[in-house]
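First the structure, in the form of structure tokens, and then the observations on it.
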There are 2 protein chains.
Amino acid sequence: MALPKRIVIHELGPREGMQIEKNPIATSEKIRLVDMLSECRFPEIEVTSFVSPKWVPQMADAEEVVAGFKRAAGTRYTCVYLNTQGLQRAVMTGKLDVEGSLSVTASEAFSRKNTNRSIADTFIETEKRIEGFERFGVKAQEVSVMAAFGCNYQGDIGADHVVGLIDRLMGMAQDHGLSIELIQLADTMGWANPQSIRRLVGKVQDRWPAQRINLHLHDTRGMGLMNALAAMEMGVDDFDSAVAGLGGCPYAGFKDAPGNIATEDLVHLCQEIGVETGVDLERLLEVAREAETIVGHPLPGKVMRGGHLDSYRRQAGTSQVQA
Amino acid sequence: MALPKRIVIHELGPREGMQIEKNPIATSEKIRLVDMLSECRFPEIEVTSFVSPKWVPQMADAEEVVAGFKRAAGTRYTCVYLNTQGLQRAVMTGKLDVEGSLSVTASEAFSRKNTNRSIADTFIETEKRIEGFERFGVKAQEVSVMAAFGCNYQGDIGADHVVGLIDRLMGMAQDHGLSIELIQLADTMGWANPQSIRRLVGKVQDRWPAQRINLHLHDTRGMGLMNALAAMEMGVDDFDSAVAGLGGCPYAGFKDAPGNIATEDLVHLCQEIGVETGVDLERLLEVAREAETIVGHPLPGKVMRGGHLDSYRRQAGTSQVQA
């Protein structure tokens, strides 16, 4: 299949990237990061997470971050929440594009470990979740499967198992009159490779040709960006990523920090292969370097160090050739 | 085209990786690195570089390193040299598998900058080089093109230009009765992407179907490993890489350190997609972590931090599934 002409990138750095940082980041710095990212013209930025400050102290200032950033035209500002209480907090800010998602973890072991709930319990919980969407007037257009390719606690996850889970979520959505437009496949622990991407994406495309697919990829073992390419080569045009690879770290001390694929590396790849993103790469590279200052340690992004190829082409007085 | 059943990996860490390090590395540590790599069962390890100590002080102990390491059965131990003097030094050690290569840089600007010689001069010089091979009884079975995809000083390099250079080198080889078995394409400054890999590899395969292709890839902009995959998908089965991504560094201070693709990340990718390498990945991951100790700073390899997927599968009591 041909590459998409254009992809949509959801920038997750302010939320997923910050969450893993051990040292507290000043609220003003979090706001500054969101505002800088707005200048890069993302279609969507995930601003923060409404979770219990007891479990994730880094996110205790969620309301303050939301109050502080400036909305830019053309960008949706989303957030994460895990239960009705979090959903209510998000809605109460009156400033976010709160979206609903029906989600499940494909790994029984990780589901219990991460959410203290079995997969079966998650489906029961999903009914409550949908009630919350109805109560707060939140549109739910997405189903999502986490650990869709493999799990550190359970091993590989079969594509047919994932298709079965999506099928069940789609059925619940239909029962509640929800119109699902996006199917998210999340490689939460970095298990995917281009072959497993092709296998699962192919099955999902065959089964639900009317829905778009979003891929949420981690670069835990260096395969993140090639997985994005494999998906684009199958026509997938919707991706999550985090500026500078926020959430990851090249220090051994951050062993368990998986790290999303770095947004600027994805944008740069797209430019090189002729796929539009609408993102301002020059500005984004500056923001990536600032992100390292904000978290106070190196981040895994490559292009911010290796340099944007178009900048070298300009210095050499040439432009990209395809022969 | 189907993936190759097996690929050959040339481990460059002790040579290309060390060369860029600013702090002196103890000779004993260099020897230890070669010996540890020998335990990983590489078909080939590049041990050192016979260059002027005036220009590359890190390599002033080349003879001592060669004298110190232990040869393992089944591994070829190669080296780099830039002129007849270097070739003589390499041969004199009596311990290396000294190989001859006819090489040229595809970028006029980089050729002048890096070797103080035009491309035209390089071809003249190559005649002398071949005389050296004859004089020292060194087999030359390889032609090599550096900066074969692009150059920081000149921009993109066209595939037809590279094919023309190879053609000329092949002609010279023929004139001297040399039998060329391997064509090396080096992405010296990290300009390749999967599209340009397919373009150039395709043209070279069409033109010289009897020769194998070797790819020497840098991960300067995060595309190194996906370029290796794109080449494998065209049947290429010969790669250069450096343990832990030696030669690169995630510090901003190493801005210009391009970094080869990390050997263990390549081996891990191959295991995941069913391509054999013959390399002991468990041992290699230990060596990658030791390499960080030897150079005294973090290195870019991912799997040494993210963890080998088979180790998680074992913990979970499963093995890799393909469905």
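The values are calculated or read from the model by the stated rules, or taken from the named source; none is laboratory data. Source: prediction; values computed, not measured. With ideal geometry, Cβ positions are generated from the backbone for all residues, glycine too; neighbour counts draw on all protein chains shown.
Remarks
- Residue under evaluation A:Leu215, criteria (1) among the hydrophobic types (A, V, I, L, M, F, W, C); (2) within 30 Å of A:Gly132 (Cα to Cα); (3) within 11 Å of chain B (Cβ to nearest Cβ), criterion not met: (3)
- Qualifying position, being at the interface with chain B (Cβ under 8 Å from one of its Cβ atoms), part of a helix (DSSP H, G or I) and within 28 Å of B:Val275 (Cβ to Cβ), among A:Leu200, A:Leu229: A:Leu229
- Criterion: assigned to a strand (DSSP E or B), more than 13 Å from every other protein chain (Cβ to nearest Cβ) and free of Cβ contacts under 8 Å to residues at least 60 places away in the same chain - qualifying residue of A:Ala186, A:Ala210: A:Ala186
- Flag for B:Thr75 being hydroxyl-bearing (Ser, Thr, Tyr) and modelled with pLDDT of 95 or more: yes
- Residue within region B:19-30 that is modelled with pLDDT of 95 or more, crowded, with 20+ Cβ neighbours inside 10 Å and under 20 Å from B:Asn260 (Cβ atoms) present: yes
- Of all residues in region B:309-323, those being buried (at least 16 other Cβ atoms within 10 Å of the Cβ) and more than 8 Å from chain A (Cβ to nearest Cβ) number 1.
- Region B:289-310, residues that are farther than 23 Å from A:Arg199 by Cβ and either small (Gly, Ala, Ser) or touching a helix residue (DSSP H, G or I) at 6+ places or on another chain (Cβ under 7 Å) (or both): B:Arg289, B:Glu290, B:Ala291, B:Glu292, B:Ile294, B:Gly296, B:Pro298, B:Leu299, B:Pro300, B:Gly301, B:Met304, B:Arg305
- Screening A:Gly235, A:Gly278, A:Gly274 for residues that are within 30 Å of A:Leu200 (Cβ to Cβ), at the interface with chain B (Cβ under 10 Å from one of its Cβ atoms), surrounded by fewer than 20 Cβ atoms within 10 Å (Cβ to Cβ) and modelled with pLDDT of 95 or more leaves exactly one candidate, A:Gly274.
- Residues in region B:168-194 that are closer than 16 Å to B:Gly155 by Cβ and not charged (D, E, K, R): B:Thr188, B:Met189, B:Gly190, B:Trp191, B:Ala192, B:Asn193.
- The single condition from (1) surrounded by fewer than 20 Cβ atoms within 10 Å (Cβ to Cβ); (2) closer than 21 Å to B:Ile183 by Cβ that B:Glu131 fails is (2).
- Considering each residue of region B:36-55 in turn, at least one proves to be at pLDDT below 95 and hydrophobic (A, V, I, L, M, F, W, C).
- Of the candidates A:Asp121, A:Asp97, A:Asp160, A:Asp167, the single residue that is touching a Lys or Arg at 6+ places or on another chain (Cβ under 6 Å) and over 26 Å from A:Leu225 (Cβ atoms) is A:Asp97.
- Considering the conditions (1) farther than 30 Å from B:Glu292 by Cβ; (2) at the interface with chain B (Cβ under 9 Å from one of its Cβ atoms); (3) assigned to a loop (DSSP other than H, G, I, E, B), A:Leu178 is excluded by exactly one of them, (2).
- Qualifying residue in region B:62-69 (condition: of a type in the set (Gly, Ala, Ser) and at pLDDT below 95): no
- Looking only at region B:281-306, and only at residues there that are within 8 Å of another protein chain (Cβ to nearest Cβ) and farther than 15 Å from B:Ser241 by Cβ, the one that is modelled with the highest pLDDT: B:Arg289
- All positions within region B:185-204 that are surrounded by 17 or more Cβ atoms within 10 Å (Cβ to Cβ) and of a type in the set (S, T, N, Q): B:Thr188, B:Asn193, B:Ser196
- Once region B:45-64 is narrowed to residues that are buried (at least 19 other Cβ atoms within 10 Å of the Cβ) and more than 17 Å from B:Leu87 (Cβ to Cβ), the residue that is farthest from the chain's Cα centre (by Cα) is B:Asp61.
- Taking region B:38-147 as the region of interest, the helices (runs of 4 or more DSSP H) fully inside it that hold 1 or more residues being more than 20 Å from B:Thr188 (Cβ to Cβ) are B:62-68, B:84-92, B:119-136.
- A:Pro4 vs. criteria more than 24 Å from A:Cys270 (Cα to Cα) and part of a loop (DSSP other than H, G, I, E, B): no
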